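First the structure, in the form of structure tokens, and then the observations on it.
The values are calculated or read from the model by the stated rules, or taken from the named source; none is laboratory data. Here the structure is a predicted model, which means the values were calculated and not measured. Virtual Cβ from ideal backbone geometry, glycine too; neighbours counted across all protein chains shown. The area values use the complete protein model at the heavy-atom level, side chains included, leaving out ligands, DNA and RNA. Shrake-Rupley method; radii C 1.70, N 1.55, O 1.52, S 1.80 Å.
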Amino acid sequence: MNKLYEKIVSKQASISLVGLGYVGMPIAIEFAKRGVDVIGFDINKEKIETYKSGIDPTHEVGDDTIKNSTVHFTSDEADLKKAKFHIVAVPTPVNDDHTPDLTPVEGASHVLGRNLTVGSVVVFESTVYPGVTEDVCVPILEQESGLKCGVDFKIGYSPERINPGDKVHRLNTITKIVSGMDEETLDCVAKVYEIVVDAGVHRAESIKVAEAAKVIENSQRDINIAFMNELSIIFNKMGIDTKSVLEAAGTKWNFLKFSPGLVGGHCIGVDPYYLTYKAEMMGYHSQIILSGRRINDGMGAYVAENCVKNLIAADKSVKNALVAILGFTFKENCPDTRNSKIFDIVKELREYGIEPAIADPVADSDEAERLYGIKFCDMSDVSNMDAIILAVAHDEFSELSIREMNAMFGAGQKVLLDLKGLFNRKEYENAGYRYWRL
């Protein structure tokens with residue numbers, strides 16, 4: 001295994017990235033930057049052609065970086081035979097019933113298994129519940145390759161910690177958890193990742209420990225946000241501004257600074273269900289984790305309900321009211337719309353007879369139409385509105401002036417739901433707005 005690391009450094013052996021999305025693509029690019037021969041594989045031929053043409057649809061590394069990268073982008077699975085160190089970074093979503101959907105990671109294992117060669121190391125980065133790497137992925141790799149794990153090839157696990165849209169916390173600046181099936185594999189995996197992770201690595205004592213660490217990172221954040229959302233519901237009933245309460249409480253040195261909001265995306269809103277699913281398999285029904293999930297999953301409907309209440313209070317007709325939603329991605333300054341909870345607001349508004357106009361200059365419009373049937377309007381088309389829901393804290397939105405906001409509304413009292421608290425509440429209330437935020 002140590003020889004494999006040396007061969008990678010000397011370009012005698014290549015690394016492959018299986019899955020080139022928001023996680024896999026930046027990893028491939030970073031290894032290539034550090035002088036490693038990298039094969040970037042994805043089954044999506046259209047995505048590969050986009051990368052080959054020098055376009056970064058994720059906005060994670062930029063078009064110029066893609067264009068000048070030495071990564072060999074391919075959708076031909078046979079190219080994987082040329083690599084000896086494989087990193088699998090495919091998504092792990094949940095089904096409609098909140099059970100884990102292992103289809104992508106199983107599919108990647110089938111593809112890789114068909115092209116696995118003796119002496120290889122396979123490292124999974126996909127978020128899974130403890131046991132998936134060894135109990136689900138390894139049998140597939142063995143079945144497809146005809147090779148024996150631990151004899152002909154080795155496995156490891158290193159959970160992804162990339163934060164899409166975050167320009168500060170990047171692959172190379174975040175400590176990387178690494179694990180391997182034995183000490184020799186762990187040492188090899190650690191050394192390979194140290195090529196690109198300047199912050200260093202943490203060597204977990206087992207693959208299951210590394211898998212568990214990943215799911216609790218996001219579960220902890222999910223629970224903390226659920227607490228903030230519950231506080232928001234309580235304080236709104238009391239007529240108290242939640243943001244003001246949190247600013248006051250935040251002056252204490254050990255107060256954890258979380259904020260209420262919609263919890264979507266392919267990590268925080270998904271990973272807790274992987275942990276609770278495994279717990280159910282072991283005969284334990286989660287109390288705290290699932291309670292937090294229920295609160296967070298209900299926030300879209302809660303926002304829509306408060307939009308309707310504010311329309312009524314502003315003496316506006318609810319049915320066919322002109323409502324605009326600004327922002328559709330699951331987080332600010334990121335084009336990713338997967339598992340966006342903004343769609344929950346849309347669905348609930350439709351129940352009240354409102355078809356909202358949606359504008360998002362950052363979002364992947366093709367993805368939104370494919371996944372949700374949503375067609376965005378231009379910001380210039382947002383006018384004569386009865387209410388506006390400012391849903392995502394994109395930089396473009398936070399820079400809007402009150403004059404620009406005024407131009408988006410029609411006659412009567414203006415209803416603004418500033419979910420992220422981007423604007424000055426008193427300024428808008430003094431201007432005659434009905435202003436509401438979480």
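Could you compute the FRET efficiency for His285 and Leu256, with r as their C-beta to C-beta distance and R0 at 25 Å, rounded to 0.05?
On the way: r = 26 Å, r/R0 = 1.06.
Efficiency, from the Cβ-Cβ distance: 0.40.
Return the whole-Å distance between the Cα centroid of region 1-62 and the Cα centroid of region 90-126. When both Cα centres are located, 17 Å separates them.
Hey, could you get me the Stokes-Einstein D for the chain, Kirkwood radius over alpha-carbon pairs, 4 °C and 1.567 mPa s, rounded to whole µm² s⁻¹? Please report the intermediate quantities before stating the final value.
Values: Rh = 23.4 Å.
Estimated via Stokes-Einstein, D reaches 55 µm²/s.
Normalising by residue count, region 149-277 has a Cα convex hull of 144 Å³ per residue.
Each of His86, His98 has its accessible area taken with a 1.4 Å probe; listed largest first, they run His98, His86.
To the nearest 0.05, how large is the calculated FRET efficiency for Lys347 and Lys3 if R₀ is 45 Å and r is the Cβ-Cβ distance?
Details: r = 55 Å, r/R0 = 1.23.
Computed FRET efficiency for Lys347 and Lys3: 0.20.
Spin-label model, Asp198/Lys11: points 7 Å from Cα along the beta carbon direction are separated by 2.3 nm. Note on region 1-78: semi-axes of the ellipsoid equivalent to its C-alpha gyration tensor, largest first and rounded to whole Å, are 22, 14, 10.
Between the alpha-carbon centers of region 189-213 and region 397-438, tell me the distance in whole angstrom. About 46 Å separates the Cα centre of region 189-213 from the one of region 397-438.
Please determine, in degrees from 0 to 90 and to the nearest 10, the orientation of helix 288-297 with respect to the longest principal axis defined by the Cα atoms of the chain, where the helix direction is its Cα long axis. Once rounded, the angle reads 60 degrees.
Spacing of the modelled spin labels on Glu106 and Asn224, each 7 Å from Cα toward Cβ, amounts to 3.5 nm. Dividing the helix sum by the residues of the chain, where each DSSP H run of 4 or more adds -39500 (n - 2.57), gives a mean residue ellipticity at 222 nm of -11500 deg cm²/dmol. Label-to-label distance for Glu369 and Arg34 is 4.0 nm, based on points extended 7 Å past Cα in the beta-carbon direction.
Taking the chain as a Gaussian network of alpha-carbon nodes connected by springs under 10 Å, the highest mean-square fluctuation of the residues Val71, Val38, Val136 belongs to Val136.
Computed with the Debye formula from one identical point scatterer per Cα of region 318-404, without solvent, the log10 of I(q)/I(0) at q = 0.14 Å⁻¹ comes to -0.44. For the chain, the longest stretch holding no GluC sites (Glu not before Pro) located in a DSSP loop with at most 12 other Cβ atoms within 10 Å is which? That would be 1-204. Taken per residue, the accessible surface of region 1-78 reaches 46 Å², heavy atoms only and a 1.4 Å probe.
How do Asp344, Asp315 rank by accessible surface area computed with a 1.4 Å probe, from largest to smallest?
From most exposed to least exposed: Asp315, Asp344.
In the chain, the longest principal axis of the Cα atoms and the axis of helix 24-33 are about 60 degrees apart. A viscosity of 1.567 mPa s and a temperature of 4 °C, combined with the Kirkwood radius over Cα pairs in Stokes-Einstein, give a translational diffusion coefficient for region 21-137 of 86 µm²/s.
If the chain between Asn44 and Ile240 were fully stretched, how many nm would it gain, using 0.36 nm times the residue separation less the Cα-Cα distance? Don't jump to the answer; show the numbers that get you there.
Details: separation 196, 0.36 × 196 = 70.56 nm, distance 4.92 nm.
Net length gain for the segment: 65.6 nm.
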